[in-house]
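In what follows, a structure is listed as C-alpha cells, so that the remarks can point back to it.
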Amino acid sequence: MKKDEKVSSTQMIFLLVTTITVTGFLFVPSITAQYASRDGWISVGLAATLFGILVALVYTRLGLYFPEKSVVEYAPEIIGKFGGRLIGLLYIFFFIHINAIIVREFGDFLVTAFLPETPLPVFNTVVVLLAAFVVSNGMEVLCRMNQFLFPLFVAAFVFIVFLLTEDVNFGNFLPLMENGIKPVIRGSLVPGAWRGEIVLILMFLPFMNQPREAGKTLVGAVLLIGFFLTLTTATSIAVFGPLLTQNMVFPILELARYVSLGRFLERLEAVVIIVWVAGVTVKVAAFYLAAVLGTAQWLNIKDYRPLVYPVGLIILVYSMALFENSRELVDFLATVFVPYAYLFELGIPMGLLAVALVRYRGGRKQ
Amino acid sequence: MLKKWKNIIKKVFAKPRNESQAIGGGESKEPVAVSLESNIKHLKAVFDRCTDVIFREFEAAIGGGVKTAMIYIDGLVNKEMLTDDLVKALMYDVSGINSSAPVSDPAGYLSRSIIAFTEVKVHDNMMDVVHSLLSGETVLFVDGVSKAFTLSTQDWVQRAVTEPATENVVRGPREGFTENLQTNYTLIRRRIKSSRLKFETMKIGAVTKTAVSVGYIEGIVNNKIVDEVKSRLQRIDTDGILESGYIEEYIEDAPMTVFPTVQATERPDKVAGGLLEGQVAILVDTTPFVLLVPVTFPQLLQASEDYYLRWPFASFIRFIRFVTLNIALLAPPLYIAITTYHQEMLPTPLLISIAAAREGVPFPAFVEALLMETTFEVLREAGVRLPKAVGQAVSIVGALVIGDAAVSAGLVSPAMVIVVALTAISSFSLPSYFGAFSLRILRFPLMALAAALGLFGVMAGLLALLIHLCSLRSFGVPYIAPLAPTSWRDLKDMFFRMPWWSMFTRPRMTGHKEPARQDYMQKPRPPRRRPGGKSGQ
C-alpha cells in the first residue's frame, strides 16, 4: 500500500466536489423536479445538504478511530472478523457497482448528446482506460490532476450560469411549497444519496496529511457541492419552469444550448461536454481507486497495481451489462438507487459507529 | 524475485571493464623514477604513436647544468608562455644566482624560484602525470629528482563569448556560454559574486574524462537535491560524455517521456536566475549547454526576458505564449475534429467557405493534415541541416510547395495551409526549443485521435496528457508544480509576471530553505514633495 502518498485538505475537498458534482449537475435537476416540482432547489439546497452534513459527521467520527486505516481494514476490528470482512466485500462491490453506473452514465450521455453514431463501448472503454492510467499512478496524481481541472470546471460553470441571467424568470419559483413539505423531503432523497458519495472518504482518509481536519474538509465539501447543485437546479427551474425541467433528461445541457451571446457565442454545450468528460474521468478514477485499494486491502496484497486492469475490466463489462437503455438508468437512479445508496452511505457507517462508540467508550487502546 | 533476476542478468551480460583500456597504459600507479631517461621512456611508451605529444630535452642552467625534459601536447598549451617563462628561464639562467653552486633541494628550488608560473603542481606517480598532460598541462622532469612538475599552461583555440543561438532576447545580456568550462564559470561568477556559489567538479567518462561541474548556491538550494544530483552523476559509467545531452539522459527522472525533465540553456543569466531560485546547474566541459534541475513544465514556457521587460509587457507575452502553446498543440487536431465530425459547431458562413475550399481536395482532413504537417517537419529539419547558403533555397521551395502549388494543384485546401502555418509560427514562439519539441511530437497522436473520435478523442488525449504531466517529477518536484499542487504565492510568476517588488519569496518547491527573496514594501512611490521641484503645480 502506498500509504506514504499524502494529499492536503484542499485537494481532498476539490476531489470530493468534482466527484459528486460532475454527475450530479447533469441528473439531479430533472430527478428532483419530478418529486418536488418547482421546489426542487429547496430539496437540493437545504434538505440534502443537511443530510450531507450528518453523514459527514458520521464518517469523521468513525474514521478518526482509525486515521491510518480504511473501512475495509478497520471493519473487522470493530465488529469481528467475519462480519467485518463481509462489510469490506460489500463496500468493494458497492464501489465497483457505482463505478459501472457512472461509466454507463458517461457513455449514455455522450451517445445521446454528442456522437449518436458511435457505439457505447467506445466511450466506456476510453474512460475506463483513462481512469486506469490515473489509478496506476496513484492518489497524488489523481488529486493533482483534479486540482488542475477544478478551476476550469468552476469557470465553465459560472460562465454558463452568468450568461443565462437574462433568461431567468424568478416567477417560476412561486408559489413556494405549494403542497407542503412532503414533496420537498421526497425530492431531497436522490440528491441526498448523491451527496452521500462522500463515503469515498472511508477509503481515502488515510491519504490525508492532516486526518484531524477531516470533519472540516467533509463539511466544506458538502457545502460547496450544495452550492453548485442548488445553483444548477434553481437555474434550470427558473429558465425552463418545473414541467420542462422534469421532462428533460439533461437540463444543464439544454441550458448550455440556450445560451446565446451576440451571434457568435452559441452552442455552448461543447463546454459542458468538455467539463463532463474531464470530470467524469476524475470521478471514475476516484471510485476505481477506492475499489482497487479496497480489494488489495481485503486480499492483503501490498501493492494494488496488479489489480488495476482486472478490476477495470469488471467495471467495463458491468457498465455495459447493467442497463438496457438510458431511460432505465434514470429510472434506477430515481428509485432503486436511493435505498441502495443509503444503506452504504448511512446504514452501515452508522452501525459501525454505534458499535465503535460502545466498544471504545473509554478510548481505543492503541 | 524481479531483483534477483536482474542481478543474474547483470552478472551474465556485464563485461568487467578492462581498466587499462580506458586510457591506454599509464593507469598503473607507478612512481616517478629518479632517472630522467626512464621517465621519458615510460611516457614515450604510454604515448606511443601520438604525434601531437612533444618531448623536448634540454640542459637547465642550475647547479652547473642538469638534464631536464619538458613534455606537452601540441595545441593544448600556450607555446609563447612556455618559451618565455620556462625554457628561457631554465636555459639562460635569467635569475643569475648561484647558477654554478650545487643545489641541495632541486625540486623545491625549482618550483620556488625558477619556474615563473602561477600554478605549479608536484606529482610523484606517473598516472597523475599522464592525466595532467592530457588536460593541457606541461610536464617537467629533472634528472635526479623523483618528482614531476606540472605547469598550468592550458591554452587552446576556443570560440569567443557570443550571442546564444537558441534563446534570443530583445532586452537582456547577449552573452552565451561557450565550450570552455572555465569561461562558463566566469560568466556565472560575474553575475553572482558570492562565496556561497559553489562548483563541485568531477570527471565522467572512462575515456573522455570530461569535467562535469555541479553549481549551486549554498543556503538557498535544497541540499537533498544537490546530493541527489551528485549521486546520479556518480552513477554514470560510460566511456565518453561529449555533450550535456548525454548527462541529461542518464540523470532524468522519467526517461520514457517526451517532456524534458531537465532544462538545457545557453544563457548565463538564466542559469544565475535559476541558481538564485534554488535550482542546481550542471556544467559540462566542451558544450555551451548548461543543465538546470529541477525544472517544471511552466518554467519551460518562461523566457529570461520575461524578467527584464516591465511586468505588464512580460505578463502580456506570457498570455500570448499560453495561446500559442495551445495553438501549437491543438490547431490541426481541432481542424480535423471539427471538419470531420462537428460541422455544426462552426458558424454557417464559415462552414460554407471551408466546405467550398475543401471541395476539390481528394483526401480526408486527417490525411490532408498529416501530409502538410509532415511536409513542414521535413522542411524544418532540412533547414537546420543544410549549409547556410542552401537554406534560402529550402525556404523558397518550402513556401512554394506548402503555400501555393499544393493549393492550386488541389492537393490541400487553403484552410489547411493556414492551420499549418499558424501551428508552425506558434511552435516557434515558445521560448524553450526543447519544450516545443515535445509538442511537435504530441501533435501527431492527437491528430490521429481527432480523426478517430472527434472532439471526444482530442479531449481524451488531452486528459491522458494531463495525467501524464501530473505523474512526472523532476528531482522530486512535481512537474506542473505551481499549478498542482497549487502554491498561490508561486502563481505570481506563472500566468502573469508580477512586479519584482511584489515577488517576496522564492519558489516553494526549490527555494523553501531560505524563502525570503527580498524585503516587503518596496513598491516605489514618489516622495510627497518633489525634490528639486519649484512649486507644487
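The values are calculated or read from the model by the stated rules, or taken from the named source; none is laboratory data. On a predicted model such as this, the values are computed, not experimentally measured, just so you know. In this analysis, Cβ positions are derived from the backbone assuming ideal geometry, glycine residues included, and neighbour counts consider all displayed protein chains. Protein only, heavy atoms only, side chains kept; ligands, DNA and RNA dropped before computing areas. Shrake-Rupley method; radii C 1.70, N 1.55, O 1.52, S 1.80 Å.
Quick notes on this one:
- Filter result (at the interface with another protein chain (Cβ under 7 Å from one of its Cβ atoms) and assigned to a helix (DSSP H, G or I)) within the range B:465-491: B:466, B:467, B:470, B:471
- Some residue of the range A:14-28 being farther than 21 Å from residue A:95 by Cα and small (Gly, Ala, Ser): no
- The residues listed here are A:352, A:316; of these, the one that is open to solvent by less than 70 Å² (accessible area, probe 1.4 Å) and touching a Pro at 6+ places or on another chain (Cβ under 9 Å) is A:316.
- Inter-residue pairs, beta-carbon under 9 Å, first closer than 13 Å to residue A:66 by Cα and in the range A:349-360, second of a type in the set (Phe, Trp, Tyr) and in a helix (DSSP H, G or I), 6+ apart: A:352/A:74; A:353/A:59; A:356/A:74
- Qualifying positions in the range B:492-516 - in a loop (DSSP other than H, G, I, E, B) and either exposed (fewer than 12 other Cβ atoms within 10 Å of the Cβ) or free of Cβ contacts under 8 Å to residues at least 60 places away in the same chain (or both): B:503, B:504, B:515
- Residues that are surrounded by 14 or more Cβ atoms within 10 Å (Cβ to Cβ) and within 14 Å of chain A (Cβ to nearest Cβ) were ranked within the range B:334-349; the one that is farthest from residue A:270 (Cα to Cα) is B:340.
- Qualifying residue in the range B:154-173 (condition: closer than 27 Å to residue B:120 by Cβ, surrounded by fewer than 16 Cβ atoms within 10 Å (Cβ to Cβ) and hydroxyl-bearing (Ser, Thr, Tyr)): no
- Sole residue being closer than 30 Å to residue B:454 by Cβ and either open to solvent by 30 Å² or more (accessible area, probe 1.4 Å) or within 13 Å of another protein chain (Cβ to nearest Cβ) (or both), chosen from A:183, A:119: A:119
- The range B:182-194, residues that are open to solvent by less than 90 Å² (accessible area, probe 1.4 Å) and out of contact with any Phe, Trp or Tyr (no Cβ under 9 Å at 6 or more places or on another chain): B:186, B:191, B:192, B:194
- Residue match in the range A:278-298 (condition: out of contact with any strand residue (DSSP E or B) (no Cβ under 9 Å at 6 or more places or on another chain) and either open to solvent by 70 Å² or more (accessible area, probe 1.4 Å) or free of Cβ contacts under 8 Å to residues at least 60 places away in the same chain (or both)): no
- Every residue from the range A:101-116 that is under 18 Å from the mean Cα position of the chain (by Cα) and either within 12 Å of chain B (Cβ to nearest Cβ) or modelled with pLDDT under 85 (or both): A:106, A:107, A:109
- Residue check, residue A:32 under 14 Å from the mean Cα position of the chain (by Cα) and crowded, with 21+ Cβ neighbours inside 10 Å: no
- The range A:95-123 residues that are within 13 Å of residue A:273 (Cβ to Cβ), paired with ones that are basic (Lys, Arg) (beta carbon under 9 Å, 6 or more apart): A:106/A:283
- All positions within the range B:466-480 that are open to solvent by 30 Å² or more (accessible area, probe 1.4 Å) and within 30 Å of residue B:335 (Cα to Cα): B:468, B:471
- Sub-9 Å Cβ pairs linking a first residue in the range B:430-457 that is closer than 21 Å to residue B:300 by Cα and among the charged types (D, E, K, R) to a second residue that is buried (at least 21 other Cβ atoms within 10 Å of the Cβ) and at pLDDT below 90, at least 6 apart or interchain, are B:440/B:427; B:443/B:427, ordered by first then second residue.
- Test: residue in the range A:254-276 that is within 22 Å of the chain's Cα centre (by Cα) and more than 14 Å from every other protein chain (Cβ to nearest Cβ): yes
- Output for the range A:122-157, where each listed residue is touching a Lys or Arg at 6+ places or on another chain (Cβ under 8 Å), open to solvent by less than 10 Å² (accessible area, probe 1.4 Å) and in a helix (DSSP H, G or I): A:124, A:139
- Here residue A:180 fulfils each of the conditions (1) in contact (Cβ under 8 Å) with a residue 60 or more places away in the chain; (2) on the phi > 0 side of the Ramachandran plot apart from (1).
- Residue within the range B:308-324 that is more than 22 Å from residue B:481 (Cα to Cα), in contact (Cβ under 8 Å) with a residue 24 or more places away in the chain and within 14 Å of another protein chain (Cβ to nearest Cβ) present: no
- Unmet criterion (only one of (1) more than 22 Å from residue A:248 (Cβ to Cβ); (2) modelled with pLDDT of 90 or more) for residue A:46: (2)
- Filtered residue count, the range B:481-491, keeping only those that are touching a residue at least 40 places away in the same chain (Cβ under 8 Å) and open to solvent by 10 Å² or more (accessible area, probe 1.4 Å): 2
- When the range A:105-116 is filtered for residues that are open to solvent by 10 Å² or more (accessible area, probe 1.4 Å) and either part of a helix (DSSP H, G or I) or β-branched (Val, Ile, Thr) (or both), the ones remaining, listed by number, are A:108, A:111, A:112, A:113.
- Listed by position, the strands (runs of 3 or more DSSP E) inside the range B:124-230 whose residues that are under 17 Å from the mean Cα position of the chain (by Cα) number at least 2 are B:197-204, B:210-217.
- Going through (1) within 14 Å of another protein chain (Cβ to nearest Cβ); (2) touching a residue at least 60 places away in the same chain (Cβ under 8 Å) one by one, residue A:28 falls short only on (1).
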